[in-house]
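Notes follow once the structure below has been shown.
The values are calculated or read from the model by the stated rules, or taken from the named source; none is laboratory data. Quantities reported herein were computed from a predicted structural model and do not represent experimental measurements. Quick reminder, even Gly has a Cβ in these numbers, built from the backbone with ideal geometry, and neighbours come from all protein chains shown.
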């Protein structure tokens, strides 16, 4: 659950989309500047190829970020929150039982 939320936040930030778009436009500018050296078909294949390669590199970067990121602190925080909520609910149940027990004694 923590990993999914973390990866969705990274993907949603748009950082990887900007990376791919920058590579696409840099490749496009490269082929426009060197138009006399390449045919239009070579330019198209080069632009598409570089964009696909950058998308693959982006996916590898995302998997490495997730792999190398330490979720121990987040997991400990979630465990603490879960345990504190459980303790609070048990204390609330105990105080309700205590209150009903005091009312029946009177």
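Tell me, please, whether a residue that is in the same structural domain as residue 15 (by TED's automatic domain parsing) and modelled with pLDDT of 90 or more can be found in the stretch 60-82. Taking every residue of the stretch 60-82 in turn, at least one turns out to be in the same structural domain as residue 15 (by TED's automatic domain parsing) and modelled with pLDDT of 90 or more. Picking from residues in the stretch 56-78 that are in contact with a helix residue (DSSP H, G or I) (Cβ under 6 Å, 6 or more places away or on another chain) and in a helix (DSSP H, G or I), the one that is farthest from residue 12 (Cα to Cα) is 74. With respect to the conditions (1) modelled with pLDDT under 85; (2) surrounded by 10 or more Cβ atoms within 10 Å (Cβ to Cβ), residue 31 lacks only one, and its number is (1). Within the stretch 38-45, does at least one residue satisfy the condition of being touching a helix residue (DSSP H, G or I) at 6+ places or on another chain (Cβ under 9 Å), outside any helix (DSSP H, G or I) and not assigned by TED's automatic domain parsing to the domain that holds residue 82? The answer is yes, given that some residue of the stretch 38-45 is touching a helix residue (DSSP H, G or I) at 6+ places or on another chain (Cβ under 9 Å), outside any helix (DSSP H, G or I) and not assigned by TED's automatic domain parsing to the domain that holds residue 82.
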